[in-house]
1. Select from segment A:8-27 the residues that are in contact (Cβ under 8 Å) with a residue 24 or more places away in the chain and away from chain B (no Cβ under 13 Å) and list them in ascending order.
2. Among the candidates B:L153, B:L127, B:L193, B:L179, which residue alone is more than 8 Å from chain A (Cβ to nearest Cβ) and modelled with pLDDT of 95 or more?
3. Restricting the search to segment C:62-73, which residues are facing chain A (nearest Cβ under 10 Å) and touching a residue at least 24 places away in the same chain (Cβ under 8 Å)?
4. In the list C:I123, C:I143, C:I59, which residue meets the criterion of being at the interface with chain A (Cβ under 10 Å from one of its Cβ atoms) and not in a strand (DSSP E or B)?
5. Residue check: is B:R92 surrounded by 20 or more Cβ atoms within 10 Å (Cβ to Cβ) and assigned to a helix (DSSP H, G or I)?
6. With respect to B:L153, determine if the residue is within 14 Å of the chain's Cα centre (by Cα) and either assigned by TED's automatic domain parsing to the domain that holds B:N47 or surrounded by fewer than 24 Cβ atoms within 10 Å (Cβ to Cβ) (or both).
7. Among the numbered conditions (1) more than 7 Å from chain A (Cβ to nearest Cβ); (2) within 22 Å of B:E155 (Cβ to Cβ); (3) out of contact with any His (no Cβ under 7 Å at 6 or more places or on another chain), tell me where B:E72 comes up short.
8. Test each condition in (1) surrounded by 23 or more Cβ atoms within 10 Å (Cβ to Cβ); (2) modelled with pLDDT under 65; (3) in contact with a Ser or Thr (Cβ under 7 Å, 6 or more places away or on another chain) for A:I122 and report the one that comes out false.
Amino acid sequence: MTTEQQLKLQAYLDGELPERETRKVELLLQDDVEAAKLFAELKNTRQALAENEPQIKFPESREFYWSKIAQRIQKLEPEEVSETNFNWRRLLWPISLTAGAIAVCFLAVILQNPAANKSDAIASISPTSISTDVDAPVVESAQADSEAMTYEDKSDGTTLVWFSADENSAPIKTF
Amino acid sequence: MSGKDFPNATDETLVRAARRGDMGAFEELVARHRDKIFARAVSMMRNEDDAIDLSQEAWVKGWQRLKQFQFESSFATWMTRIVINLCLDQLRRQKRVRVESIEMLDEESGGVEKQMPVVTVNPTERLERNELRARIDLALAQLTDAHRTVLVLHEFERMEYKEISKAMDCSIGTVMSRLFYARRKMAALLVELKKEKL
Amino acid sequence: MKIILSMTKLICAAAIFLSLACVSARAADGDLKLDAQLILGTNDEKPKDSGLKPVAKDIEKKLKHLPLKWDHYYVQASKKFNLAADGTKKVSLSKTCQISVKNLGDSKVELTLVDQDKTVGKITQSLHKSQTLVAGAGAENSIVVLQQTD
């Protein structure tokens, strides 16, 4: 049996073989004992795995695990958060306005003496983000509908900045 | 929706509440699907600490991207895809899923699996479920990251070849040969483990 | 007397030379020698334009560590230029892709990306000799790579 035939046998098992090739594989299974044995082995393994995924016990308490997630969510920039609660926003809008004004002042200072914006992985970057990491990039998108994603590989000393209006169209490996 | 309603609410209701900024609703979603997301991270990383970190990162990303969730799949499936991608990124960063060794190149070009004798008996027959799961876990641990990942995505996540090729950023042919090798190796390992037990 | 005069001339000349050297060294301190490249990213082993050369190994290695969806990288354009402290240079890398680089001092640069005469965005970042700045926009399969040269 050739490697190609073996892979077609597997594709047949997985239901991924084009219909026009199915008949050929069925004939091979009828005529070739080795092919039939291999097919049985692949089928047994597939079945054993599909029905018996190892069970993994979760090692932490619910509260501890959640508290770490909640902390990270609370640290997110407001614009990175999924959506702000309307009532909360209404209550706090005067404070937000003041905070916004302060942020704009900070931005002006930062652009005069560029500080940095740190990102451990791909993340949305807003021009108002402030960081104490002086080597990190400060990124400004010139178009209103466009966002910038940054990725820093500190070990390589490489910074990637991608400007895009649509995160999904960017040739970047994200989900 | 108040906190006491969360346990009875559907995932969809909770997602909509979380989109409005309701952290309590999101906490309920985490509690419901935490085990599955963590288990997927463990199966890919084979390391509990990495799995905890990556699963938490997945939940944070999930929160950030709730608006993008279109209810086309279940919330659990959507979250699982997020954690899978984070694990793949981490494996890539650690260079654990690249073709590097000559041995692996040989496997992927169809050299080694040809030499493996076909397993004619079913090594999983007459085994109790827990025993079988434990053996599968041991066998999975012996595969390379690239082979185990393909197996996990195909057999446990039921992803198609095309989806795996996109997620792993490799050709469909590579997915097929990795899957073929991984299955054959698993069969051989399960037989070995059976012999050891006897 | 002649010897004393010659000695004085020699010392003066040396002093002038040293002063000039110091001034030029200080000026050169703030200068940046930069290399900007427009690089094509592709999953094809050979690019459609067969005239393109693969990127240098060190850049390729760095690019492969980034979460970009390509396996292969080829140089479309490469421009080397000097940038004095506080100086700005506009560099055209293709018909549609231009960059503007400003030397902010202390090895810090401001890179402005321009696509089809429209400013896409601006990045301010330290660019020491070991560092590389990679920028791109939209769904393009070209990236701009900026780094210091020796």
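1. none
2. B:L153
3. Within segment C:62-73, C:K62, C:L63, C:L66, C:L68, C:K69, C:W70 meet the criteria.
4. None of the others qualify; the one that does is C:I59.
5. Here the answer is no, as B:R92 does not meet what is asked.
6. No.
7. (2)
8. The one condition A:I122 does not meet is (1).
The values are calculated or read from the model by the stated rules, or taken from the named source; none is laboratory data. These numbers were taken from a predicted model, which means no experiment stands behind them. Here the Cβ is made from the backbone with ideal geometry for all residues, glycine too, and neighbour counts use every protein chain on show.
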